Structure formats: C-alpha cells, structure tokens
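A short reminder: the numbers here are calculations on the coordinates, not readings from a lab. The structure displayed is predicted, hence computed values, not measured ones. Here the Cβ positions follow ideal geometry from the backbone for every residue, glycine too, while neighbour counts run over all protein chains shown.
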C-alpha cells in the first residue's frame, strides 16, 4: 500500500468519525495551548526582570531597616533608619556616588471631586535618575525646592487612571490636596507596569516637604545608594556599614540594626526562581498532553475493534502487516498534528488576550511553539503504537469472520 493511499484512508477514517475525532483532539489542543501560554507568561516575566536588572545597573545597593515591624517608630532611639543617616552617608561615605532615601506612607489625595488613597513617597531630586525612570511630561523637583520645602508633587504613571483622567498631561500644573495640604503637580512619570517597586501608583514629594508637611516622620522605608563605578560592591558595603554603625552608636560585637542588599543579585535570584517556576508550569501543562495521548490511544483501540472486519478485508486483498501498522500510526499522528495546529492557534490567542486585557507581559518564542508542537507529534507516535500493533497482529481469517 502506497503512502499516499495510507494517508487517504486515514483522512477518510477521521472524516467518517469527525465529531469523535474532535473530542479525541481536545486533550492535545488544550495541552499545546496551555504549554505555549505558560511558557509565554514565564518568558515575559523573565524578560521583565532582565529589563529591571539592566535598568538598575551593576552598582546599586539598598539599605533597609532590620527591626521587626512592631518596633518601628515607637521611640526615637529605636528607629533604625532616618533622615540623619542619609546626611551621614553623603558626608562620610568614601565610595558612594548618590544616596537617595524614601520616606513613605499612605494618605488621602483629592483632585476636584475625586478622592483616592495612595502611597506618598518623600525623596530627593535624584530619585528618577537613580532608577532610570523617565518623565512623560513636566519635570522632577530640584534640590533647592526640596531645601525650601516647596509644595510640589510628581505623579506616578497610574495616578491619572485612578483619578479617571484620560490624558495624564491634563494634570500638569493642576492643584491636588494631600492630607488637606495643597500641592501643585509639576511632573508625571511614564508608566512602567505592575510590581512591588513600581512607581505607577505613587506620588513623589520633596523629602523635607513630606517629612514636615505630610508624613510627620523621619522614619525611612529604605536608602538606595549608587556606588562609584570603579569601586567593588563589597568595599561599598563595608563603607556603608562603617558609617551607619557609627551613626547608630552600635558597639563592637553587637549586630547591625540595618541590612544591606545588592538589588541586582536579588533580581538575578528572582530570575532563576522565575525560570524554575516557568518550567514547573510548563511541565504541569504538559501533563494534559499526556492525558490527551492516552485519550487518543483509547479511541484508536476502539477504532481497531470497530474496524476489525475492514482490516481483514485489506489483508485479504494484499495489505501487509506493516501497511496496517503504518495506517493506524498515521491516523494517530494526524489527530495529534491537527490538534497541535489548533492548540498553537489557541495558545497564541490566549497569550494575546491576557496581554491586552490583564496587562501581562507575554513573550511567545518560536522555540516554545516548536517544542509543544513536536511533543504533540511525539505523543501521537508513542500512544499510537499499541493500537497499530494490535491491528497489525490480527489474524486475517478471524478478522473476516468478526461481526
């Protein structure tokens, strides 16, 4: 039996039982679509982390308070990071290029008849430069405006949406009220997307303005430090530790009440965890491909039983056992081939839908499409062997007598 004839017979068999063939392919379709979608989500998240690593650069350190939450702010001598630490690092740090504090708290913000509750961040004029955030419109406040405690604000890229403003630029030079104190909007940052450190849903004020007019506290969330490019990070960490231990009057042998982190190392660790999580998700999605393969094997076994007499007739007319084996293998692989193509279309569609509606960063790679499609063909071949062997081993005489 020629290969073309085998393909024709296989297609005829699929057309004759079209509805059953569709149900059989469903497991493969869902499996391929799930693998592509999960890999796209994982690749998108990994790409986002890599962008954050590139944006941070290789010389950024983060200093945080190392006190339990319930101890923070109870007494002045128990505070672990405050504004005075910033001045100490700026004055006595040997290897530090830029020191940027963040003083944070949530407050009510009013614009017109709109009232929202957002995170207020008091910081210095170098904040946007340190994290490579760009302004969509307007400008960042200056060092002089910070020293003069000016009532000005820079909005994150998502604040306009919370205030139901279609065009964020309409807020420029407008007045807003934070905790009853009037402020003028002088700039709006470009949106960078979701994430714990995203500035989109925050409002930025000059540090001294936030400290005295809004938040009423010197207790800092953290201090971000850019190290000189010619200095090893380990030397900078020792430098920061030296200054802060002296500032906090920590005696030799006593533990630090602060912690120093290399944010790039943290993001790289997070990237590795994301890769592991992506592989896990893709593996779970791949299980549905195996389930689909088992479904195909079951249906093909039923098909062998239903077509026993047909197999006997083909053998009587000269078909060899290899011809019968090849016919059923090709039927199984055709079902997986069609299911894989439909699964690719569904997976790409789901990725696009999640990207447009949920705002997820999705990155569909050709490798993931080829991998899932090739795996589906392999499933068809593997799970089609048993039914094909059973059909090929039928006794022609018994097959012709089968009713």
* When DSSP assigns beta bridges and you keep just the ones with both residues in the chain, what percent turn out antiparallel, to the nearest 5? -> 80
* Would you please calculate the Kirkwood hydrodynamic radius of region 67-256 over all C-alpha pairs and express it in Å, rounded to one decimal? => 17.6
* Cα-based helix-to-principal-axis angle, 18-56 vs the chain, degrees rounded to 10 -> 20
* Output the relative contact order of the chain, whole-number percent, from Cα pairs under 8 angstrom with separation of 6+ residues. => 30
* To do: Using only the Cα atoms of region 106-146, construct the convex hull and provide its projected area averaged over every direction, in square nanometres to one decimal.
  => 3.9
* Applying 1/(1 + (r/R0)^6) with R0 = 60 Å to the Cβ-Cβ distance of residue 8 and residue 357, what FRET efficiency is obtained, to the nearest 0.05? -> 0.85
* At a temperature of 37 °C and a viscosity of 0.692 mPa s, determine how fast region 332-374 diffuses translationally according to Stokes-Einstein, using the Kirkwood radius over alpha-carbon pairs as Rh; express D in µm²/s, rounded to the nearest whole number. => 294
* What is the calculated FRET efficiency for residue 117 to residue 148, with r their C-beta to C-beta distance and R₀ = 22 Å, to the nearest 0.05? -> 0.20
* Size-normalised alpha-carbon gyration radius of the chain, reference 2.2 N^0.38 Å -> 1.51
* Cα axis of helix 321-353 to longest principal axis of the chain: angle in degrees, 0 to 90, nearest 10? -> 20
* Asked: Working out 0.36 nm times the residue gap between residue 94 and residue 301, then minus their Cα-Cα distance, what length gain in nm do you get to one decimal?
  -> 66.9 nm
* To do: Within 10 Å, count the other beta carbons around each residue, average over each peptide in 98-108, 28-38, and list them highest first.
  => 28-38, 98-108
* Asked: Roughly how tilted is helix 366-392, in degrees to the nearest 10 and between 0 and 90, from the longest Cα axis of the chain?
  -> 30
* Which FRET efficiency value, to the nearest 0.05, do you get for residue 169 and residue 108 by plugging their Cβ-Cβ distance into 1/(1 + (r/R0)^6) with R0 = 30 Å? -> 0.80
